[in-house]
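What follows is one structure encoded as structure tokens, with my remarks underneath.
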Amino acid sequence: MRIPVYDPTWAFGARERELLLDAFDSGHISGSSGKYIAQFEERFAAYCGVRYGVAVSSGSTALHLAMVVAGIERGDEVLVSALTNIATANAVVQCGGVVVPIDSEPETWNMDRLLVKRALTKRTKAVVAVHIYGHPVVDFDALADYCDGDDSLFLIEDAAEAHGATYWGGKVGSLGGMACFSFYANKVITTGEGGMVVTGREDFADGLRSLRNLAFTTPRFLHHEVGFNYRMTNMQAAIGCAQLERIEDIIAAKRLLARRYTERLCDIPGLQLPTEKPWARNVYWMYCIVVDPAVFGCTRDDLTARLAAAGVETRTMFCPLNLQPALKGHMVPTSCPVAERLWREGCYLPSTPTLSNSQLDYICDIIRRAQR
Ligand SMILES: *Cc1c(COP(=O)(O)O)cnc(C)c1O
């Protein structure tokens, strides 16, 4: 038996194929024309409860464009959740900004807002809050309060792992000034590669649209700004429209998988499982566990080695930004003890919702037998 950490094609079907082929047959294959781009933007933004969506080539390019539109420049400090995909920090560095990693709180693993408050300085230009592994950031309202007022301090959501997650009933993506999504293969819904920035502000949307398309103006080929080619193709957008039709079924399946894991693992001492705050809907992008070796009786590495030997693939949680060699010289040195522990002790288990009960029993029995 070999169980991969995620099979991105589990939620692909006839509809994705139908719309993809329709885009292909229409002859509109690029990101400059074709009906699916506008359709995907409108429908995804509406799904998030936000006015505007700007589709781009990836979550990474969504973040970069958001930073540019927020006006991040050389020397500006940007507070970023330490526990995240490196792309979140790269976007800051690509604008010449300085990354200030913010440690996690231990329960949902999201940025700790008290640490955000402490890290704010006169040089802080933006806060990027990552909804990690599908759970919305705790006390987002407090972050919004810190950033309230003028355009000198922006609050940006990195919702690349949290499509459809809710915070007090509001969708992530609608909570800050701009929000960035990824549609990479293993994300909640996918277009293969792709991303989107959603925002309620027309001026941001205009800026994003222009910058993703080389900042074309009239007359054509006269440019007043240095833009990017970050366009999504019409074919990717077609897949996205099909995925969006079934996003609630996908999320329901991910939530059910989490429940099935938790039922099997909740009585094992020394294992921390994903949580869901009463005010939240967690979309469980990946099902993460954290192994306390003193209580569980063996380390995360011993556990994942046993799982690997039995054909069960796992992946560690993210390496926190403060430990990233690539960011040396581009960040304020900090220690992030919680995120560092999650990097040492956390991993995610196979998270394809179509896993059978016998596969789950197989995985969870190996975990149970690895203790003490
Ligand atoms: C996946 C991810 C990204 C990057 O998205 P890509 O589409 O892979 O470029 C950014 N931030 C977070 C939190 C992610 O999980």
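Things worth noting here:
- Within a Gaussian network of the chain (alpha carbon springs, distance under 10 Å), most fluctuating of SER351, SER335, SER104: SER335
- Rounded to the nearest 20, the size of the Cβ-charge dipole of the range 111-245 about its Cα centre is 360 debye, with Lys and Arg at +1 and Asp and Glu at -1.
- Share antiparallel - DSSP beta bridges, the chain, percent rounded to 5: 55 percent
- On the principal axes of its alpha carbon atoms, the chain extends 71, 53, 36 Å, with the longest extent given first.
- Here the Debye sum runs over all C-alpha atoms of the range 281-372 as equal scatterers in vacuum, and log10 of I(q)/I(0) at q = 0.18 Å⁻¹ comes out as -0.87.
- Relative intensity of the range 197-305 on a log10 scale, I(q)/I(0) at q = 0.11, 0.14, 0.23 Å⁻¹, equals -0.67, -0.81, -1.24, per a Debye sum over C-alpha point scatterers of equal strength in the absence of solvent.
- Whole-Å semi-axes of the range 1-134's equivalent ellipsoid (Cα gyration tensor): 34, 21, 13
- Taking the charge dipole of the chain about its Cα centre, with +1 at Lys and Arg Cβ atoms and -1 at Asp and Glu Cβ atoms, the residue from GLY134, TRP279, TYR6 reaching farthest to the positive side is TYR6.
- The spacing between the range 20-61 and the range 293-363, judged by their C-alpha centroids, is 34 Å.
- Helix-only [θ]222 nm of the chain, DSSP H runs n ≥ 4, -39500 (n - 2.57) each, per residue, nearest 500: -11500 deg cm²/dmol
- Gaussian network model of the chain, Cα within-10 Å springs - most flexible of ALA258, ALA310, ALA11: ALA310
- Among LYS277, LYS187, LYS125, residue whose mean-square fluctuation peaks in a GNM of the chain (springs only between Cα atoms under 10 Å): LYS277
- Dipole of the chain, positive end: most advanced residue of ALA165, VAL56, PRO350 [Cβ charges, Cα centre]: PRO350
- Sum of side-chain charges, LYS187 neighbourhood, beta-carbon under 14 Å (Lys, Arg +1; Asp, Glu -1): -3
- The chain: Lys pairs at Cα distance under 21 angstrom, eight or more positions apart or on different chains: 7
- Convex hull of the range 19-91 built on C-alpha atoms - directionally averaged projected area, nm²: 6.7 nm²
- Applying 1/(1 + (r/R0)^6) with R0 = 41 Å to the Cβ-Cβ distance of ARG43 and CYS298 gives a FRET efficiency near 0.30.
Read the figures in this text as sums done on the coordinates, not as results from a lab. Here the structure is a predicted model, which means the values were calculated and not measured. For neighbour counting, all protein chains shown are included, and Cβ atoms are generated from backbone atoms with ideal geometry for every residue, glycine included.
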